[in-house]
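To start, the structure itself, in structure tokens.
The values are calculated or read from the model by the stated rules, or taken from the named source; none is laboratory data. This one's a predicted model, so the numbers in the text were calculated from it and none came from an experiment. Methodologically, a virtual Cβ is constructed for each residue, glycine included, from the backbone with ideal geometry; neighbour enumeration extends over all protein chains shown. Ligands, DNA and RNA are stripped out before the accessible areas are found, and what is left, the full protein with its side chains, is counted by its heavy atoms. Shrake-Rupley method; radii C 1.70, N 1.55, O 1.52, S 1.80 Å.
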Amino acid sequence: MISKDLIAASSKPLILSFLSKRESYGYEIIKNIQELSNNNIVWKEGTLYPVLKKLTENGLIESEWKTIDGRKRKYYRITNAGLKRKGSMENRK
């Protein structure tokens, strides 16, 4: 299992990377990160939503409420600033 400190440090880059491929809602983000990490990263809503809020406040992602098949969900998508930040994170490797 991955340490909590590593999960916290990697949450922003993981979310930006995931949202750079397509917009998504919270639960779907949680499930996809869990699946992509072979269940090594398991987030709860209490982990994800504060990070999404911070990324939104920093202008790196934006959100929009949508109703699809009768279900209202808040969808998140990466902004141009978020794409630039993601690129600068990748260039540090």
So what is the relative contact order of the chain, in percent, for Cα pairs below 8 Å that sit 6 or more residues apart? 31
Of all accessible heavy-atom area on the chain, the percent that carbon and sulfur account for (1.4 Å): 49
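Could you give the accessible area per residue of the chain, probe 1.4 Å, as a whole number in Å²?
67
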Per the helix-only calculation at 222 nm, which mean residue ellipticity applies to the chain, given -39500 (n - 2.57) for every DSSP H run of n ≥ 4 and division by its residues, nearest 500 deg cm²/dmol? -18500 deg cm²/dmol
All other residues with a Cβ under 12 Å from the Cβ of Gln34 taken together, and with Lys, Arg as +1 and Asp, Glu as -1, what is their net charge? 0
Note down the net charge around Ser63, summing +1 for each Lys or Arg and -1 for each Asp or Glu among other residues with Cβ under 13 Å from its Cβ. +3
All-pairs Cα distance distribution in the chain, expressed in whole percent, bin size 10 Å: 16, 50, 30, 4, 0
Within the set of other residues whose C-beta is less than 14 Å from the C-beta of Leu83, count the net charge using Lys and Arg as +1 and Asp and Glu as -1. +4
